[in-house]
Each structure stands twice: as structure tokens, then as C-alpha cells.
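Report on the structure given below.
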Amino acid sequence: MPKSRRFFNAHGKREWLLPVLFIAPAIAVLLSLSIYPLIYSLTVSLQEETAAGVTWSLGNFARLLTDDFFRTALGHTLVYATAALTCEFLLGLGLALLLNKQIRGRSVFRASLLVPMMLPTVVVGVVWRLLLHSNFGALNGTLKQFGINTETLTWTASPRLAMLSVIAVDVWQWTPFVFLVLLAGLQAIPQEPYEAALIDGSSRWQTFRHVTLPLLKPSILIVLLLRTMDLLRVFDQIFILTEGGPGFATETISLYIYRTAFRFFDFGYAAAMSFVLLALTNVISVIYIKFLQAKETA
Amino acid sequence: MRPTIILTLLLLLVLTSCNRTVEPTPRQLTLAIVSGVEGDALKQAAADYGSQFGIHINIAQFPYANLFEKELIDLKSRTGAYDLIMLDDPWFPRFANEHLLTELTPLLRGSGLASPDTDFVETSLALCRHPYESGPLYALPYVGNSQLFFYRKDLFEKYSLKPPASWTDALTAVKTIHENEKAGANGGQVYGYVMRAAQGNAAVADFMPIFWAFGGEMFDAGGKPTVNSPAGIAALEFMVELGKYSPPGYASFNADDVGAHLLQGTAAMSINWPAWISSFNDASKSKVVGKMEFTTLPAAQKQGQAEIGNWLIAIPRDSHNAQLAVEFLIWATSAEQMKRSAQRGNPPTRKSLFQDPELLQKYPAYPAQLRSLESSRPRPRTPQWNEIENAFGIFLSKANSGTLSPAEAMNQANAEIEKILQRAR
């Protein structure tokens, strides 16, 4: 308080009021829409509704250990996240490296590559669901034209191919995002290290490994972090494409939480699962940051 | 000084324009209905009522799963947003058990009716009572759906097949048509059978008639789950057998996919709801106008029993316009209005309408429908039905997609249902 008074100019008690008034709306929104629901959710997850009424217990968390559906859904989420992230990263990096050069029509390529990312996920889900329909979809129709037998290629309806299909749709939609961030990172790298590497006679692969990658590290960290957080939470596309099926094959944690909360009305258990997801995301994010920062200092 | 005055006036303007009351304006009703053929008839009836009596009826239309969520959340949080809701009969025990619905008998009496009249089909009206059949009345039935077995009569005539009386006959017919119709009317394979086996409501609804016909029961007399009885496993094995002659990907099919195959003429037989009959004969949607025939469900070890799937209309306990809502309900379920609805394709729930000569001319299958409705069975009336159906549906879908064998699927399903019941105790 004394500091601000000195800063603004000693004119009485009114001076601290103005800054507080400015940030009050933002704090109110943060408290009401983020902090309060988080605490409420924690409260709900620690309560159980029994015949005797509402009691405090760790029952919801204990149930997580014996619930096969939860474990399977968690497994699916991790498989989905890993596969999609790997494909998106490699493709995005490749595209960014390609389009970093001055080639003709570069801006056209860049603009058209960004289109999938700009579509709402629900729209992407609906369109791909129609395209991948085993009997009336365009993909199987095209394959049939080339004489390929599509009897077993039921994409989102096949237990083997469903996970692959939803991963492919996610890669289609979000590789442009990875591409965008990595391209920005590449363009921020100065020319000097490259010139030095050229003088030292380093090969293209060595340049890439020892010059490009280390300087790109902050961008890589950001893009991996953001994508991982999004992939762990994935809901829209899977809900529209397969609704978790066939037979639970593509059910992820978010879908299971949704079903538990809104179809079975078991908010306590759903809240407990949400906290597990939150903890998982936090742990993975911390690992990312530690890993990539540690390498930098080495 | 001037800026301050202007600012104050603007602020006052903004504050006074934010004048929203919780009470809805009088002479207005809000109706929550399901999207698709089953909800359209009620939607049109509501429009008629609105123009006839000058009462504005707001329609909130949602797909099946979303409708359930919206209704449950709204009724539990007691907002009174809806005055009338459509309920699929398996949801009814959940809503009634948690005291979310208004008891109708006092309201009916207030409008001059002693009780719901005896013209309603007994099985339909029984669904609206909690406990089932004997308890007080909480809803009135509107869409008189009970399953029928649909088949292509032109293909049956072609191969001299008789309408199947048993599931074995049905399988023979399925194989015959499937093997011989490699290049059907559209140039592609005509599949012998089509069904929906998407996990959840879809798979369970299509499986129950087979399950019951083979002698399976979901629960024994003591309330323990018995889906993995030998009869139950045999029924699932039969379903998977039928699946061999169904379009690929049927393990994820919903009602729309089944409808699409039947309308396109690419499948010859199916279990389906009467609400689809008018679509089959609508030339703008169907390629099989006049070719679809229906009969009651085939038998196996036991008599074929259709699964009843009526849509009921109920009044939430916290509706602000209960009296107005019940007047609409009485009007909509009256014989005259139900007849108009029936002419638009809605299966009625009144016996007199199934025997009405005008309607019989348009829907010659009404006697079959009435027989099906009167001998139909509801799905188990337990408040945990949603969870049980979800778990059971997952395993049915797994068996149909080949991930699990029928025996494994039924055993795991039984264990899961046991867990659900344990939690509820």
C-alpha cells in the first residue's frame, strides 16, 4: 500500500481503489467460472449418495481401481494421444521444413494447409462420419471404383480400424496447427548458425540435428504440450464418429466421464475421474517441461 | 458534468433493459420432444393446438440421447423449463422413482375426467404407472410403438417363402435371399437381414425379442441378473449368426442406418418400429414402396414377443403451467386428435383407432400392430435401466463385432450388471 501511494501520488485513500476496480471483473469471472466449479467438483467427488443420505467418503476414488471400463478407457486415451501426437508432429515438422523455403506459390500452400484447423471439430466429425460410412461413404465408394473389396473395410464400425480412423481424422485436423507453430519457430531462427554450419562443412542431417532442432526447442515444447493436453481431453470427434464404439473400442476417458455424468447422473464418480485426468495431464506436462529444459542446459 | 449525465443515463438504460422474469408469460407451453419420426407427429399436433386455441407452444426438439439428458437435468434442478416432456418408456421408471413427474389422476379429475379411459391399450397404459401396472398414473401413452418383423414380400414371393413363424424359418429365408440376391435391384448385394447393434439402446432393443423368444430372462425371481443362462447365450449366438448376413459394420448401426438400408432396398428383413411404415411407403424417400410387409415377431423356444417401445407424455412436477399442460395432454390423446396423428403416420395407443375403418384402409397392418402391442413386453422396469442397458449394449456390440465370443460377452455382461445392482443397493 505505501508503495502504490508513493507511485501514484499521495492523494488520500482513493488511489488503490482504481486498480482494484479494473481487475475486479476479471477476478470475479475467474473465481466464479474456474475456481468455484473446481472446488465444487472436488467436493462432489468426495461425497457419496447412499440410502442414508449424502456422506463424505473416498468411495468414488476407490471405485476407480476396480472399474474395468475406466482402465480400458484410460488405455485407449493414452494410445490415441501417443499415436496422434507422433503422426501430427512428424508430419507437421516435415511440412514446416518444406514450406520454410522460398518456393513458388508458398502462400497458397500455407493458406490451404490451414483450412482443416479452422473448421469446428463437430463439423469435421460429421463430415468424416459420412465419408467413412461403410456402404454409402465416399471413401469406400472410391475404393470400389478401383476394384478394392471394401467388405471388411468398415472404418468406424470395425473394431480393428475404428481407433485408426479416429486417429486419422484427428491428424487430418490438427497437423496444420503443429505445422503453423513449427513454421513460426523456424522462421525465427537467425541465419548465422546456418552460415557457420555451412562453413564448418556439416551435412544437411548434421545441420538439422545440431542447429535447427536445438533452436526449435521452445516451439516444439509449446506445440507438444498444447497438443498433448488437447488429445488427452479429446471428445467431440470421437463422440460424433463412433460414440465410443464399436463395443467400447474407441471409448476415451472424456466420453466415459460424459456418459457417467449425463446418462447415469453419477456426478461424484465423474468428478473423481475428471480429477484423475487433471492429475495425469499435469504430470505429463511437468515431464515435458523438465525433459526439454534439461536438455537445453546440458 | 455532461459526460457524467450521459454515462448515468446509458447505465440506467442498460439496467432496465435487463428485465427478465422467471415466470413464463401466461398462455404458453414448452414441450420437449424427440427428433425423428416418433416426435414429428406430436410436433404437428402441437402446432394444430396452438393455432386452434391461440396458445403458443414452444418446441424443444432433441435427438434421443440428448433429450434424456436435458430432461433429467432440467427436472432434477427444478427449473420448470418444460411443461410437457416425451419419455421413452424405459426411461419412465427413473423419472417416476425420483418423484420428478406430476401425478395425473388429480389433474384429470380437475378437468372432468374420472380416470384415463379404457380405450387405451392396457399394455401401453400400464407403462405409465409407477410401480408398473398397479401404481398411480404419471403419464399418458402417445406413440404406440411395439416391434414388428418387417420383410420384403416381393422377394419372399420370388423364392416362394412363407412369412416366418419361427426364428429358424427366418434364418432360412435370410440365407436364401442373401445367397441368391448378389446383384439386386440396385446392382449390389441385397443383404438377408439388417439390424442395429451399436452399443447402448440400439443393440439391446434389437436383441430383446430374440433373447425372450429363446427363453432368456434378464433377471430371475430374486432380482439377480441371469443374462448368461444357456438360453441367453444361445440367443446371442443366433444374433451373431444373423449378423453374418447383415451389411458390414452393422455392429455400429443405429436406427437411421437400418432405415437407410431398408428404404434403399439393400436389406430384406429387419425388426423395426411401426413409425417407419409411412416412410417405407413414401415415394420421395423409399425405393421399396408397397414391397414391405410386416408380421408379429417369430418364435423360438417360446412364443414371439415384441418389445414395447411407447413414447409417453408426462408433466414435470415443477412445471409452472400444469393445468394448461394437462388440457393439452387430454386434447392430444383424445380419440379424434390421435386419429389425425395416426393419419400422419403415428401409431396410436387407442384400441378403437386400430379398428377404425378409415385408418384400416390406409394402414392394413393395424391388426398385426394391435396384436403385437397387446402381447408385447416391456424392458425391465428398473430405475438403473440406463446403466444396465449401456453395459449390456457394450457387450452385445463386442460380440457382434467379433471382439468377444457370445459366451464370454454374456458372462462379462452378467458380472457388470451385478456390479451396477450392487452399487444401487
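Each reported figure results from applying straightforward, stated rules to the coordinates on display, with no laboratory input. None of these values were measured; they are calculated from a predicted model. Cβ sites come from the backbone with ideal geometry, for glycine too, and all protein chains shown count toward neighbours.
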If each DSSP helix of 4+ residues adds -39,500 (n - 2.57) and the sum is divided by the residues in chain A, what number results at 222 nm, nearest 500 deg cm²/dmol? -22500 deg cm²/dmol
What lysines could a cross-link reach from residue A:217, if we take a straight Cα to Cα line under 17 Å and drop same-chain neighbours fewer than 8 places away? A:290, A:295
When each of B:158/B:291; B:175/B:291; A:144/B:291; B:291/B:351 is checked by Cα-Cα distance, pairs over 22 Å: A:144/B:291; B:291/B:351
I need the peptides A:177-186, A:204-213, A:132-141 ranked by packing, meaning the mean over residues of other C-beta atoms within 10 angstrom, with the highest value on top. A:177-186, A:132-141, A:204-213
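Checking the a/c ratio against 1.5 first, then a/b against b/c, what shape does the Cα gyration tensor give for chain A? Display every interim value, and only then the final one.
Numbers: a/c = 1.99, a/b = 1.04, b/c = 1.91.
Oblate shape, in that a/c is at least 1.5 and b/c is the bigger or equal ratio.
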Loop only by DSSP, 14 or fewer other Cβ within 10 Å of the Cβ. Give me the GluC sites (Glu not before Pro) in segment B:69-112 that pass, ordered by residue number. B:98
Spin-label point model (7 Å from Cα, Cβ direction): what's the residue B:284 to residue A:56 distance in nm? 6.3 nm
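Within segment B:277-341, which chymotrypsin sites (Phe, Trp or Tyr not before Pro) sit in a loop by DSSP and count at most 14 neighbouring Cβ atoms inside 10 Å? Please list the in-between numbers first.
Values: sites: B:280, B:294, B:311, B:328, B:331; in loops: none.
Answer in residue order: no site qualifies.
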Which stretch or stretches of segment B:260-283 have amide N atoms under 12 Å from the point lying 7 Å from residue A:136's Cα along the Cα→Cβ direction? B:260-266
Under a plain spin-label model, where a point goes 7 Å from the Cα along Cα-to-Cβ, how far apart in nm are residue A:79 and residue A:114? 3.6 nm
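Per residue of B:65-74, what is the mean number of Cβ atoms on other protein chains within 10 angstrom of that residue's Cβ?
2
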Could you tell me which of rounded, prolate or oblate describes the protein assembly as shown, using a ≥ b ≥ c as the square roots of the eigenvalues of the alpha-carbon gyration tensor, with rounded for a/c under 1.5 and, failing that, prolate when a/b is larger than b/c and oblate otherwise? oblate
Considering every residue in B:391-402, what mean count of other chain Cβ atoms within 10 Å of its Cβ is obtained? 4
Of the listed pairs B:302/B:419; B:244/B:398; B:43/B:70; B:339/B:362; B:182/B:244, those with alpha carbons more than 20 Å apart are B:302/B:419
Averaged over its residues, how many other protein chain Cβ atoms are within 10 Å of peptide A:156-164's Cβ atoms? 4
I'd like to compare A:63-72, B:228-237: which one has the highest average count of other Cβ atoms within 10 Å, and what's the full order after that? B:228-237, A:63-72
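Kindly identify segment B:62-180 as rounded, prolate or oblate by the Cα gyration tensor criterion: order the square roots of the eigenvalues as a ≥ b ≥ c, call it rounded if a/c is under 1.5, otherwise compare a/b with b/c, prolate if a/b is larger, else oblate. Present the calculation step by step, with values, prior to reporting the outcome.
Working: a/c = 3.46, a/b = 2.15, b/c = 1.61.
Verdict is prolate for segment B:62-180.
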Would you calculate a helix-derived [θ] at 222 nm for chain B, using -39,500 (n - 2.57) for each DSSP H run of n ≥ 4 and dividing by the full residue count, to the nearest 500? -14000 deg cm²/dmol
Near the amide H of residue B:60, under 5 Å away, which other amide H atoms are found, from residues 5 or more places off or on another chain, if H is placed in the peptide plane? B:31, B:32, B:33
Simple label model, 7 Å out from Cα along Cβ direction - residue B:133 to residue A:21, nm: 7.2 nm
